[in-house]
Amino acid sequence: MDLNTTLETNRLLIRSYKRDDKDFCLSLWCDAQNGKYMSDPLLENADEKYLSYFDDMENEPDGYYLIVESKDTRQRVGTCCIFPEGDNVDIGYCISKDLWRQGLGSEIIEALITFAKRQGGHSMSAEVADDNAASVGLLRKFGFVEDKKTRYKKWGEETYFDAHVLKLRF
């Protein structure tokens, strides 16, 4: 789905994914460190079926795939996604590892909460690996609480993560 607008924070612009963002997304999501807790495979394990999803992500009918850019430099610095599910919005986010611990995740979460509220959402959820302490801490900072226990695996690999869906009600 297309946002039809750009979300803006103090330092960031968040816009809809375009096909020419594919290599950037792969460089984040399929990187051993950056994508460690994501369900996306390491690049060497990405098969044609996985890679083909990027060709039409901008037209995804069930959600928004988004690119996060620096407002100052217009360089891509991360990604996020929004999947409306009734009055709940499920989110995901990823920030380039060279920019971790600079508050960008907080700006992304704030922007997504504002967007969800404007769309009439009453809650937001995010599935996060229990071992991903930074992401768990970030979500808890915004008031997210454990909703349910889950488990997920990396695409095409036998790597599993014990996880929780964390939920924020507004």
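Observations on the model:
- Identity of the residue in the stretch 31-45, among the hydrophobic types (A, V, I, L, M, F, W, C) and within 25 Å of HIS164 (Cα to Cα), that ends up surrounded by the fewest Cβ atoms within 10 Å (Cβ to Cβ): ALA32
- Of all the residues in the stretch 107-140, those that are in contact with a Lys or Arg (Cβ under 7 Å, 6 or more places away or on another chain) and of a type in the set (Ser, Thr, Tyr) number 2.
- Top-ranked residue in the stretch 31-65 [being assigned to a loop (DSSP other than H, G, I, E, B) and of a type in the set (A, V, I, L, M, F, W, C); ranked as nearest to the chain's Cα centre (by Cα)]: MET38
- Restricting the stretch 66-87 to residues that are over 28 Å from LYS167 (Cα atoms) and of a type outside the set (Lys, Arg) leaves a set whose member that is nearest to the chain's Cα centre (by Cα) is GLN75.
- Test result for LEU28, of a type in the set (A, V, I, L, M, F, W, C) and either surrounded by fewer than 18 Cβ atoms within 10 Å (Cβ to Cβ) or more than 14 Å from the chain's Cα centre (by Cα) (or both): no
- Only one of the numbered conditions (1) in contact (Cβ under 8 Å) with a residue 40 or more places away in the chain; (2) of a type outside the set (Lys, Arg); (3) closer than 19 Å to MET38 by Cβ; (4) touching a Gly at 6+ places or on another chain (Cβ under 9 Å) is not met by VAL77, and that is (4).
- Enumeration of residues in the stretch 146-163 that are touching a strand residue (DSSP E or B) at 6+ places or on another chain (Cβ under 8 Å) and either modelled with pLDDT under 95 or polar (S, T, N, Q) (or both): THR150, THR159
- Of all residues making up the stretch 126-145, the number that are in a helix (DSSP H, G or I) and either closer than 14 Å to ALA163 by Cα or at pLDDT below 95 (or both): 6
- Search result, residues across the stretch 77-124 that are within 14 Å of LEU7 (Cα to Cα) and in a strand (DSSP E or B): GLY78, THR79, CYS80, CYS81, ILE82
- Residue in the stretch 2-25 that is farthest from the chain's Cα centre (by Cα), counting only those that are surrounded by 14 or more Cβ atoms within 10 Å (Cβ to Cβ) and either on the phi > 0 side of the Ramachandran plot or among the aromatic types (Phe, Trp, Tyr) (or both): PHE24
- Number of the exception - LYS117 against (1) farther than 18 Å from ASN34 by Cβ; (2) surrounded by 13 or more Cβ atoms within 10 Å (Cβ to Cβ); (3) in contact with a Gly (Cβ under 9 Å, 6 or more places away or on another chain): (3)
- Test for LEU99: is it surrounded by fewer than 18 Cβ atoms within 10 Å (Cβ to Cβ) and not charged (D, E, K, R): yes
- Scope the stretch 53-87; condition of a type in the set (S, T, N, Q) and buried (at least 18 other Cβ atoms within 10 Å of the Cβ); matching residues: THR79
The values are calculated or read from the model by the stated rules, or taken from the named source; none is laboratory data. Note that the coordinates shown come from a computational prediction; the quantities given were computed from them, not determined experimentally. We place every Cβ from the backbone using ideal geometry, glycine too, and count neighbours over all the protein chains shown.
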